[in-house]
1. What about ALA287, is it of a type in the set (A, V, I, L, M), crowded, with 16+ Cβ neighbours inside 10 Å and either more than 21 Å from ALA353 (Cβ to Cβ) or over 19 Å from the mean Cα position of the chain (by Cα) (or both)?
2. Might you check whether a residue that is touching a helix residue (DSSP H, G or I) at 6+ places or on another chain (Cβ under 6 Å) and closer than 30 Å to ASP270 by Cα occurs anywhere in segment 101-111?
3. Taking the stated definitions as given, is VAL40 over 16 Å from the mean Cα position of the chain (by Cα) and outside any helix (DSSP H, G or I)?
4. Restricting attention to segment 64-85, report how many residues are surrounded by fewer than 22 Cβ atoms within 10 Å (Cβ to Cβ) and not in a helix (DSSP H, G or I).
5. Please pick out the residue among PRO183, PRO94, PRO187, PRO118 that is over 14 Å from GLY22 (Cβ atoms), outside any helix (DSSP H, G or I) and at pLDDT below 80.
6. Going through LEU311, LEU339, LEU331 one at a time, which residue ends up being surrounded by fewer than 24 Cβ atoms within 10 Å (Cβ to Cβ) and within 22 Å of THR196 (Cα to Cα)?
7. Tell me the residue from THR83, THR100 that is in contact (Cβ under 8 Å) with a residue 60 or more places away in the chain and hydroxyl-bearing (Ser, Thr, Tyr), please.
8. Looking at LEU33, LEU88, which is the one that is farther than 28 Å from CYS346 by Cβ, part of a helix (DSSP H, G or I) and touching an Asp or Glu at 6+ places or on another chain (Cβ under 8 Å)?
Amino acid sequence: MTQLLSRRLMLLMALTCAAAVGNLYFAQALTPLAADGLGVSPGAAALAVTATQVGYAAGNYLLVPLGDRLPQRPLLAVLLSLTGLGLLAAGLAPGLPVLTAASAAVGLTSVAASVIGPFAAGLAAPERRGEVSGMLASGAIGGMLLSRAFGGSLADALGWRAPYLAAAVVMLLLAWVLAATLPATEPTAAATPYRTLLAEPLRLLRAEPELRRSCFYQATVFAGFSAVWTCVVLLLTGPAYGLGAPAAGLLALVGAVTMVATPLAGRLTDRRGPDLVNLVCLVGTLASAAVLAAGAVGGTAGMTALVVGTLLLDVAMQCGMVANTTRVYALRDDARSRLTTAYMTCAYLGGSAGSWLGARAWDAAGWPGVCGLLALLSGAALVRHSVRRSPGRTPAPTGPYAERRTPHRTQETR
């Protein structure tokens, strides 16, 4: 039976999302210090960041489906505990190979946010799922943004190992709190073999047009987002600005506005459905490419363009994710974790490809090339959105939007 989420429990879940997602990003600010400390080049030290991202994509595919097969409370406690141990190993790593392996393990197990999303959707009333998705996204955004500043500042003060050790303590503490606080639930696919769970996301992608559409939107937009944030530090530390690496972390803080925007996007999705929110967000992503391109000029005007452009990009990407996840969660109540696996795997494969493409675009054409790549990717998603009326089942809307639209679908659903 669906349980209503209390505000306190929802805030705890949002905090957990923040801590888990932050593990994927704080190391980006540590690369130069870790390189010096381990006696390797910055390029080699960046392998640890790449390993975290690859591990996270693997974790979404291998571990998140277990949310449909196992009770979610102990699953979350185990995942957070393993993440804490991985962070501890990274903070104590004697060399780059151990750091890279530990970073991969951290990424693999830092999928708590992907498990919490379907869990919270099952606890929430249908007309509140957009709001819940927005709150969880707000927490994840806070973790993503603040972790870069946290990692860089703590590393400057205490060395590159300190952020890993501090994050390990936080994850182990959260594991204990969640084990004592979260409600017990019954899994929806307890009898399903694990190998069947692994095959299920691919089957769902083939069977659900709306899942494919949501995956395409997020993969393309997140690819552009990753390309921009991979290369903006190169722009800021280059001749146009001549700033230090922490400048990228400070620039990321302007995206804190997104923490306010995503709950609003969730409520709008509940009222009007995800398509309208997607349209606004895709147009905003495309517009951000034009604004960011002006950042190449340097100086005050260029920095203003970077601040406004990254803010617009962050808000558009994250609010679009709220719309997409709300659409995905509405498809099948009994397979939310497997749907999330398909969605998040596609999103982070897109993000990984975007980081790689962004580096190639930077080498070929500098910052204008990166902005052109963002425009191309967001334009592709916008074109797909314009031809979205394809055959197939669409998710049932919720909230007042459902009251306007659902009656026309009753016979078809039956």
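1. Yes: the conditions hold for ALA287.
2. yes
3. Details: over 16 Å from the mean Cα position of the chain (by Cα): yes; outside any helix (DSSP H, G or I): yes.
So VAL40 passes the test.
4. 2
5. Numbers: PRO183 fails: at pLDDT below 80; PRO94 fails: at pLDDT below 80; PRO118 fails: outside any helix (DSSP H, G or I).
Of the residues listed, the single one that is over 14 Å from GLY22 (Cβ atoms), outside any helix (DSSP H, G or I) and at pLDDT below 80 is PRO187.
6. LEU331
7. THR83
8. Numbers: LEU88 fails: touching an Asp or Glu at 6+ places or on another chain (Cβ under 8 Å).
Going through LEU33, LEU88 in turn, the sole match is LEU33.
The values are calculated or read from the model by the stated rules, or taken from the named source; none is laboratory data. None of the values given here were measured: they were computed from a predicted structure. Reconstructed Cβ throughout: ideal geometry from the backbone, glycine too, with neighbour counts over all protein chains shown.
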